[in-house]
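The values are calculated or read from the model by the stated rules, or taken from the named source; none is laboratory data. Note that the coordinates shown come from a computational prediction; the quantities given were computed from them, not determined experimentally. For neighbour counting, all protein chains shown are included, and Cβ atoms are generated from backbone atoms with ideal geometry for every residue, glycine included.
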Amino acid sequence: MWIFLNDKFVREAEAVVSVFDHGFLYGDGVYETLRSYGSRLFMCQQHVVRLFRSAEAIGLTIPIHREHWPELLHESMVRNDVGTLQRDAYLRITVSRGVGGIGLDPGLCPSPTIVIMAKPLVAPAAALYETGVDVILATTRRNLPSALPPQMKSLNFLNNILAKREALAVGAFDSILLNWEGHLTECTISNLFFVTDGQLHTPSLECGLLDGITRSIVMQLAKEQNITVAEGRFTPTQLYRSDESFVTNTSMEIMPVTSVDRKPIGDGKPGPLTRALRSLFSGARERFLEPASLQ
């Protein structure tokens with residue numbers, strides 16, 4: 001594997017980060033994950049903008065200008081033989097505070113560490129989209145937004161890892177985290193939706209969740225079809241009593257949820273609105289890919 005490290009591409013064995021890197025020591029940094037469909041990146045500019053927004057939120061200056069990121073991402077795909085007709089690409093950008101002395105002062109780090117990795121996208125098993133998945137309500141609560149704002153994708157991911165461990169312990173696909181008020185927020189790496197009486201519901205950003213890029217697309221597609229979308233503060237009981245549910249993220253798109261805490265949602269099968277939105281997403285995908293001229 002070829003990995004971009006700071007200012008050049010190196011082989012995997014040479015892609016070494018110092019033990020004094022503040023990303024390793026303190027989780028001080030930000031990241032983004034992207035995917036391609038063939039050679040074309042999905043919502044590339046939006047992911048790059050969010051990367052810079054996250055960096056700005058923690059006072060971290062990214063030395064590579066925004067306009068150069070698509071070129072670097074494409075070179076990473078080409079070098080690793082992904083982003084082809086045969087293999088869609090999964091890309092991870094990591095920007096840490098960088099190497100510095102031990103201590104919390106960001107000023108100890110003169111320059112950030114930048115990493116780009118590209119590998120074949122491993123999509124969920126096709127059967128899961130037909131059967132749906134089971135999720136649980138985690139006992140781990142979502143971080144307080146006033147303590148760690150969810151709008152920045154930081155390297156400090158322990159909150160989500162604890163919730164993921166809960167899901168793995170009972171064989172569930174993922175966990176839903178509640179906020180400090182007991183309202184639904186999101187899963188560990190995806191946004192949550194549910195359907196009641198034909199109306200689409202999703203927790204509002206004020207509940208303490210990331211403004212997922214696929215989340216925004218799903219809401220846009222729904223509104224274009226005159227499907228009512230309600231953002232708000234919702235309880236687990238409202239989810240349990242819903243007719244359908246699904247989760248979204250960049251790599252898996254729209255994944256049906258057919259049970260929560262082993263209790264079936266609706267009839268325990270992917271619902272008609274979930275299937276319709278999956279079809280709409282697939283049909284509209286071209287709108288959300290970078291122009292073919294950038295390949």
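Observations, loosely collected:
- Positions within segment 93-116 being touching a strand residue (DSSP E or B) at 6+ places or on another chain (Cβ under 7 Å) and either outside the structural domain of residue 46 (by TED's automatic domain parsing) or among the hydroxyl-bearing types (Ser, Thr, Tyr) (or both), in sequence order: 94, 96, 113
- Lone unmet requirement of (1) of a type outside the set (Ser, Thr, Tyr); (2) surrounded by 15 or more Cβ atoms within 10 Å (Cβ to Cβ); (3) closer than 21 Å to residue 7 by Cα for residue 25: (3)
- Residue within segment 42-61 that is charged (D, E, K, R), modelled with pLDDT of 95 or more and farther than 22 Å from residue 109 by Cα present: yes
- Hits in segment 226-251 (condition: surrounded by fewer than 19 Cβ atoms within 10 Å (Cβ to Cβ) and not in a helix (DSSP H, G or I)): 226, 227, 228, 229, 230, 231, 232, 233, 235, 241, 243, 251
- Residue that is at positive phi and touching a Pro at 6+ places or on another chain (Cβ under 8 Å), where the choices are 182, 198, 171: 182
- Residues being over 19 Å from residue 87 (Cβ atoms) and either assigned to a loop (DSSP other than H, G, I, E, B) or without any contact (Cβ under 8 Å) to a residue 24 or more places away in the chain (or both) - total across segment 1-44: 16
- Each residue in segment 77-91 was checked for being under 20 Å from the mean Cα position of the chain (by Cα) and part of a helix (DSSP H, G or I), and 1 pass.
- Every condition in (1) without any contact (Cβ under 8 Å) to a residue 40 or more places away in the chain; (2) of a type outside the set (Val, Ile, Thr); (3) over 19 Å from residue 138 (Cα atoms); (4) out of contact with any strand residue (DSSP E or B) (no Cβ under 7 Å at 6 or more places or on another chain) is met by residue 165 except one, and the failing one is (3).
- Contact map, segment 110-125: residues that are more than 25 Å from residue 173 (Cα to Cα) and at pLDDT 95 or above paired with residues that are crowded, with 19+ Cβ neighbours inside 10 Å and aromatic (Phe, Trp, Tyr), Cβ distance under 6 Å, separation 6+ or inter-chain. Pairs shown: 116/4.
- Top-ranked residue in segment 28-61 [being among the hydroxyl-bearing types (Ser, Thr, Tyr) and surrounded by 15 or more Cβ atoms within 10 Å (Cβ to Cβ); ranked as farthest from residue 157 (Cα to Cα)]: 39
- Residue list for segment 92-135, filter: part of a strand (DSSP E or B), hydrophobic (A, V, I, L, M, F, W, C) and under 30 Å from residue 240 (Cα atoms): 133, 135
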